[in-house]
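Beneath this line is the structure, given in structure tokens, with notes to follow.
The numbers here are math on the coordinates, done by the rules we state, and not lab data. Every value quoted in this text rests on a predicted model; they were computed, and no experiment measured them. Because the Cβ atoms are built from the backbone with ideal geometry, glycine has one as well, and the counts that use them run over all protein chains shown.
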Amino acid sequence: MKGKAPVIIGSIFVAYLLFVAVVILFYEPKPEEMSWEDRQAYNLSKVTELQLGQTLEQTIETLGSADFSEAVQTHGQSLQVLFYRTQHVKSDGKTTKDECTPLLFKDGRLQAWGEDTYQQYLQQHIQPPADNTQTDTGIAKRAHT
């Protein structure tokens with residue numbers, strides 16, 4: 001029995017090392033499972049891979065759920081903005097829009113991203129048309145902290 005104990009312990013140790021190696025090599029946590037620091041770094045790296053015209057679904061599949069979301073139906077078009085945290089501003093335990101990169105979608109397709117583009121979007125699309133006919137059918141907002 002004395003001779004078998006080291007073999008059994010060695011076998012368990014080797015199995016454990018193989019398990020750890022498989023997890024390290026093949027496990028990719030979902031963005032929602034990451035700490036805020038890891039998620040922020042992940043989002044920043046993935047934003048550089050975005051393609052204009054890609055679908056909303058493709059973007060959510062890549063980046064996970066957004067930290068904030070805004071949507072409006074105006075002038076016969078569906079406009080949506082998703083906000084993903086990409087920079088740390090203040091250590092207050094909350095994610096705010098100024099710590100996020102906005103992604104702008106028109107009719108489910110990525111049109112642009114970045115703060116300057118978001119400000120242009122706000123100026124152009126949220127104001128009612130010049131003839132004073134209100135065509136906005138509503139704004140929906142969702143926030144996660």
Next item on the list: Tabulate in residue order the Karplus-calculated ³J(HN,Hα) for the range 90-97, using 6.51 cos²θ - 1.76 cosθ + 1.60 with θ = phi - 60°, rounded to whole Hz; enter x for Gly and Pro.
Entry: 9, 7, 10, x, 10, 8, 10, 4
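Contour minus end-to-end for Q58 and Q119, with contour as 0.36 nm per residue of separation and end-to-end as the Cα-Cα distance?
19.6 nm
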Check: For the range 108-121, what does the Karplus curve 6.51 cos²θ - 1.76 cosθ + 1.60, with θ = phi - 60°, yield as ³J(HN,Hα) per residue in whole Hz, taken in order and with x for Gly and Pro?
Finding: x, 10, 5, 9, 5, 8, x, 5, 4, 5, 5, 5, 5, 4
Next item on the list: Starting from the range 68-129, pick out the trypsin sites (Lys or Arg not before Pro) whose DSSP state is loop and whose Cβ has at most 13 other Cβ atoms within 10 Å.
Entry: K90, K94
Item checked: Neighbour-limited loop hits for chymotrypsin sites (Phe, Trp or Tyr not before Pro), the range 6-72 (at most 16 other Cβ within 10 Å; DSSP other than H, G, I, E, B) -> Y27
Note to self: Report the gain in length on full extension from A71 to A112: 0.36 nm times residue separation, minus Cα-Cα distance, nm rounded to one decimal.
What the structure shows: 13.3 nm
Notebook entry, point to check: For the range 1-72, which GluC sites (Glu not before Pro) are in a loop by DSSP, counting at most 16 other Cβ atoms within 10 Å?
Noted result: E49
Check: According to a simple spin-label model (label point 7 Å from Cα along Cα-to-Cβ), what is the distance in nm between D92 and F19?
Finding: 4.4 nm
